[in-house]
1. If I stretch the segment between M73 and T94 completely, what's the gain in nm (0.36 nm per residue apart, minus their alpha carbon distance), one decimal?
2. For Cα pairs less than 8 Å apart in space and 6+ apart in sequence, what is the mean separation divided by the residue count of the chain, i.e. the relative contact order in percent?
3. For N31, enumerate residues with amide H under 5 Å from its amide H, sequence gap 5+ or separate chain, H modeled in the peptide plane.
4. Would you compute, from DSSP H runs of 4+ residues alone, the mean residue ellipticity of the chain at 222 nm, taking -39500 (n - 2.57) per run and dividing by the full residue count, rounded to the nearest 500?
5. How large is the direction-averaged shadow of the alpha-carbon convex hull of region 6-105, in nm²?
6. Taking R0 as 30 Å, what's the FRET efficiency between N87 and L14 from their Cβ-Cβ distance, rounded to 0.05?
7. Running a GNM on the chain with Cα contacts under 10 Å, which residue among I48, I39, I68 ends up with the highest mean-square fluctuation?
8. What angle, in degrees between 0 and 90 and rounded to the nearest 10, separates the Cα long axis of helix 32-57 from the longest principal axis of the Cα atoms of the chain?
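Read the figures in this text as sums done on the coordinates, not as results from a lab. Everything quoted here is computed from the prediction, not taken from an experiment. So basically every Cβ, Gly included, is an ideal-geometry build from the backbone, and we count neighbours across all protein chains shown.
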Amino acid sequence: MSLFPVGLYHFLILAAVLFVLGLFTMLTRKNAIAVLMGIELILNAANINFVAFTRYGGVNLGGQMTAIFVIVMAACEAAVALAIVLNLYRRSQTVSVVDANKLRD
């Protein structure tokens, strides 16, 4: 028996903190790599919620399957975003999100 039991509330607080940090990172950074890291933090917060609700909500494994799906989608998103960032760097010698309009030309 543990001294401090961890419940659903603790997982929800952790996911909320990760979500807020990811949102803050995504909205305040001009660097494309930092924006992608913020998006990954938001996706990890969603995964923690899916798995926590599966663990404390019942026997249904839908949350864990959704978490695996989100991890696969995040890997695909990271690959596509990295290709876009490399193209941005090749054209403008910077990875600033502000300069992303140059890719349209």
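1. Values: separation 21, 0.36 × 21 = 7.56 nm, distance 2.65 nm.
Extending this stretch completely gives an extra 4.9 nm.
2. Details: 98 pairs, mean separation 25.6, N = 105.
Rounded, it is 24 percent for the chain.
3. Those qualifying (amide H under 5 Å, at least 5 residues apart or on another chain) are V97.
4. Numbers: 3 runs with 78 residues, N = 105.
Result for the chain: -26500 deg cm²/dmol, rounded to the nearest 500.
5. On the way: hull surface 27.3 nm².
Hull-based average projected area comes out at 6.8 nm².
6. Working: r = 35 Å, r/R0 = 1.18.
Taking R0 as 30 Å, the efficiency between N87 and L14 is 0.25.
7. The residue that fluctuates most here is I68.
8. 20
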